[in-house]
Amino acid sequence: MRTALFPFQETALADLHEKIQKAHTLWSEKDPQVISFSAPTGAGKTIIMAALFEEIFFGHAGGVAAPDSVFVWLSDMPELNEQTRLKIESKADKFYARNIRLIDSAFDAAYFAPGIYFLNTQKLGADKRLIQKGDRRQYTIWETLANTAARCPKSFYVVIDEAHRGTFTPREENKAQSIMQKFILGSKEDGLPVMPLVIGVSATPQRFQRLVDSATKSAIQKVVVPPEDVRESGLLKDRIIIHFPDAAARAGMTIFKEAVTNWKRKRERWAAYCEREEIENVVRPILVVQVEDGGGREVTRTNLGECVAMIEESLGRKLQAGEAVHTFDKHENITMRDLEIRHIDASRIEEDEKVMVVFFKMNLSTGWDCPRAETMMSFRSASDYTYIAQLLGRMIRTPLARRVESDAELNNVALFLPFFDAETVKKVEGALRDSEAIVSAETGSYKELITLERNPAFADVFAEMDLVTYRMDAARKQPALRRVIALARALTHDMIAPEARKNALDEALDTFDKEIAALKESGKFDEIAKAVTELSLRTMTIDYGGDTADAADDDSARVVELSEPDLDNLFERAGKILGEGLHKEYWVRHGVRDAADVKTEIIVMTNDNAAMARIEAFSGKRFNEIYDKHRATFRKLKEERQEVYRRLARSSADPVPISLALPESIDFTVGDASVTFEKHLYIPSDGGEFRVSLNDWESDLVREELRNGALAWLRNLDRKKWSLEIPYKVGGVMTSMFPDLLVVRVDACGYVFDVLEPHDPSRKDNYPKAVGLADFAEKHGDRFGRIQLIRKKRGADGRDHFYRLDMGKLGVRNKVRGVTSNAELDRIFDADADTEET
């Protein structure tokens, strides 16, 4: 694959392989197999399927190559097929373009040759040439499907793309569904048998389930991508910010001007970011404008001329041909103010870099994949809120397929709704939350969801900050051996440690040599080698000489060594287990020896669990050592490269500390009960006062810190990508906390950074969090000042005071790390907590 898969995509890919293997085991002509693969919009379903096709065709760790495989991709629309075909061609680097074909009306073959084929239901209607024999056609498509299914049932895969269903009329949907069900049920009328294996690709399990419920009694195997995994990956925008008037009003052009201003600001910020990060293909945001319907000869009741004029005024120049386009039903160009607004197919918008503005009505939610669409304006009424929510689901993909860490504004989608009010905006938010297919971003009004910039008064604080954090997420954990080689490769690529890859490879191969030698010395090597590389053949003789046939079983057996191709397959499978081409690196190191012996050594080693466990333990230790050595250097890299190292750290089974790099701007939420505080590290971009909603404990603690001379502070929000995050265990399961406050003080040595966590002692997670803070202080206390768990209670003087258990103190820390109950923690608080009580 030209594109590296995200961990959740790798997990889905592995699950698909497992379900397919099970389906092939269970398959019979009377028991067709169905697999449901569902993932929310933006999860990269096509990318995962492309990787699946490639691994089936060319081999993977769990199976040998099957170059005779045939994949038929069935969808509702030709445009969707074309979009999918182009995406697979661009991402799957092992398939030739000739192996990926669109089936048109001229297609005529007895069998499908190995490869990928795209077919749409519209070509399978009763009046279509593809299903009728004639002078120029020997085989109908039904016969081609039937012949291929009979010829290679376990190498034939039918993929039904249900991801875009729900966007057509009921009549169109029913027609498409009846055709799709033929592939599951079979069709005597058409001579089509039941397809041996059908994989349904959909946005939710329910969609495909509804399609097959009446079609088969076979159990459906399911592969489901959790929405939270998609959100965690950075593939989707963080927030949808809705702009609307206090009361719905006929002020469309006034709000449109605000939308244009927002779009222009995004253009400028993207241009600056791409220049700063040296991104060659600059992100060019698109303004998406939903207009009203027309009537008679009128294309739309929305004044397109005024829209064009306002855009040109904002840009300070005339729009050029091709910069403004439309997707109206009439495929003709429109001229407004001497500007030709050309028609464009929805699926072509993203690839056309010249497009800046798209006018549409109600036809953009199908066949449209445009991460560049970042600002949307709707001139339509509040009754269209469901459609607007569906459309937003297509707009929340990130243009770079990753989160922008340094500028929170570039992780937002802006929606302008002049004819909505607070009540109808809530309906849009509700439709987004209730959608099965969309991973809902944080959604709210421009008053609630704001962006804060670094407070210039504390520029030197940010410059001196050298702190660490952790990132706990649902990322699939990677073997340590793969991680350490990938880390070394990245260090060499970025010229941080030019010899890192060579050194890591040498270390890995030395470990292999050591483990193989130990296996040979213990005698296990020959035992495993015999089990995996030799075959015992028995003989049965059937005697037809008499009146009856007698069978005699010869107890003797002879041992046959695996053929060279079979040994190569086992060697390649071992290579997939090790990863990073390490099996071939080992072969090169021992190139003067017999190739079969060298391959057998790798096969045996990967089949010994104890040897692989020792290799993993050594690799994990080396990964942590190498990562810690260079961690400070990662912050100097471009964001895209920093993310490579962050992702490697997150893929570790044991949490790995990374640098806490507070960005230039952060996304923040302001509640109804917010109050003003001074000296916050981030403030509104317009220089206004910082406002935040805090509970009584939090607000009193901030005021106490400020009275005691704190220079600055940060409200550390839960589960933000910029937040300080600390791991801790509950019931043996690793999770994370987000301490409420980061406080900055000054002492004789410079700036001191304190971690303060006010916490209700009645909560069950009290002592596990205390242990987590103590462990954090043990590992990273040298980078922080106070690391405190804080309680508020009545003192001897009859007044409330804060009682602080400081994990920065060695004696306190050692006590806390051993506690196993809240009662034990209470006793430590009573004995060791600090307070200002007098």
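Close amide-amide hydrogen proximity is noted between residue 737 and 726, 728, each under 5 Å apart and 5 or more residues distant or on a separate chain (H modeled in the peptide plane; Pro and chain starts excluded). Per-residue surface analysis assigns residue 713 an accessible area of about 10 Å², computed on protein heavy atoms at 1.4 Å probe radius. What percentage of the solvent-accessible surface of the chain, computed with a 1.4 Å probe over protein heavy atoms, is contributed by carbon and sulfur atoms? The C+S portion of the solvent-accessible surface of the chain is 48 percent. Sort the stretch 318-471 into rounded, prolate or oblate with this rule: let a ≥ b ≥ c be the square roots of the eigenvalues of the Cα gyration tensor; rounded if a/c is under 1.5, and if a/c is not under 1.5, prolate when a/b is larger than b/c, oblate otherwise. Verdict is prolate for the stretch 318-471. Backbone geometry of the stretch 487-504 corresponds, through the Karplus equation with coefficients 6.51, -1.76 and 1.60 at θ = phi - 60°, to 3J(HN,Hα) couplings of 4, 5, 4, 5, 5, 5, 4, 8, 6, 6, 9, x, 9, 4, 5, 4, 5, 5 Hz, x marking Gly and Pro.
Of the residues 461, 588, the one with the largest accessible area comes first in the ranking 588, 461, computed with a 1.4 Å probe on protein heavy atoms. Could you let me know the centre-to-centre spacing of the stretch 492-516 and the stretch 137-154, using Cα atoms, in angstrom? Between the Cα centres of the stretch 492-516 and the stretch 137-154 lies a distance of 51 Å. Accessible area per residue was computed with a 1.4 Å probe on protein heavy atoms; residue 779 scores about 140 Å².
Take the stretch 469-516 with all the other protein chains still there, run a 1.4 Å probe, and you get 43 Å² of accessible area per residue. Sorting 41, 820, 676 on solvent-accessible area from highest to lowest, probe radius 1.4 Å, gives 820, 676, 41.
Taking amide H positions as modeled 1.01 Å from N, with prolines and chain starts lacking one, the residues under 5 Å from residue 159 and 5 or more places away or on another chain are 72, 73, 74, 199. In summary, the aspartates and glutamates within cross-link reach of residue 123, defined as a Cα separation below 12 angstrom excluding same-chain residues under 8 places away, comprise 76, 104.
Evaluating kT/(6 pi eta Rh) at 25 °C and 0.890 mPa s, with the Kirkwood radius of the stretch 371-461 over Cα pairs in the Stokes-Einstein relation, gives 167 µm² s⁻¹.
For the chain, the share of DSSP beta bridges that are antiparallel, to the nearest 5, is 50%. Database remark: amide H of residue 752 closer than 5 angstrom to the amide H of 745, 746, 747 (H placed geometrically; neighbours at sequence offset of 5 or more, or on other chains; Pro and chain starts carry no H).
In this view, the solvent-accessible surface of residue 830, computed with a 1.4 Å probe and all protein chains in place, comes to about 110 Å².
Short to long, the 5 Å bins of the Cα pair-distance histogram for the stretch 566-613 hold 5, 24, 33, 26, 10, 2 percent of all pairs. When +1 charges are put on Lys and Arg Cβ atoms and -1 charges on Asp and Glu Cβ atoms, the dipole computed for the stretch 697-838 relative to its Cα centre reaches about 380 debye. Summarising the label geometry, the points placed 7 Å from Cα in the beta-carbon direction at residue 222 and residue 735 lie 2.4 nm from one another. I want to verify the translational diffusion coefficient of the stretch 642-684 in µm²/s; compute it with Stokes-Einstein, Rh as the Kirkwood radius over Cα pairs, at 37 °C and 0.692 mPa s. Stokes-Einstein gives a translational diffusion coefficient of 238 µm²/s. Legend: distances between Cα atoms for 91/330; 792/815; 87/154; pairs beyond 23 Å are 91/330; 87/154. The alpha carbon radius of gyration of the chain, expressed as a multiple of 2.2 N^0.38 Å, is 1.11.
Normalised by the number of residues in the chain, the mean separation of alpha-carbon contacts (under 8 Å, six or more apart) gives a relative contact order of 10 percent. The Cα center of the stretch 375-420 and the Cα center of the stretch 558-632 differ in position by 48 Å. Here the stretch 273-389 carries DSSP beta bridges of which approximately 20% are antiparallel, counting only pairs with both residues inside.
In this Cβ point-charge picture (+1 for Lys and Arg, -1 for Asp and Glu), the stretch 1-160 has a dipole of about 240 debye about its Cα centre.
One Cα centroid belongs to the stretch 764-828, the other to the stretch 63-130; the line between them spans 62 Å. Couplings 3J(HN,Hα) for the stretch 32-48, derived from phi with the Karplus relation 6.51 cos²θ - 1.76 cosθ + 1.60 (θ = phi - 60°), are x, 10, 10, 10, 9, 10, 10, 8, x, 3, x, 7, x, 4, 5, 5, 5 Hz, where x marks Gly and Pro. Ranking 380, 817 by solvent-accessible area of protein heavy atoms (1.4 Å probe, all protein chains present), from largest to smallest, gives 817, 380.
The values are calculated or read from the model by the stated rules, or taken from the named source; none is laboratory data. Small disclaimer: the values here were computed from a predicted structure and weren't measured. Positions of Cβ are backbone-derived with ideal geometry, glycine not excepted, and every protein chain shown enters the neighbour counts. Please note that ligands, DNA and RNA were not included when accessible areas were found on the heavy atoms of the full protein model with its side chains. Shrake-Rupley method; radii C 1.70, N 1.55, O 1.52, S 1.80 Å.
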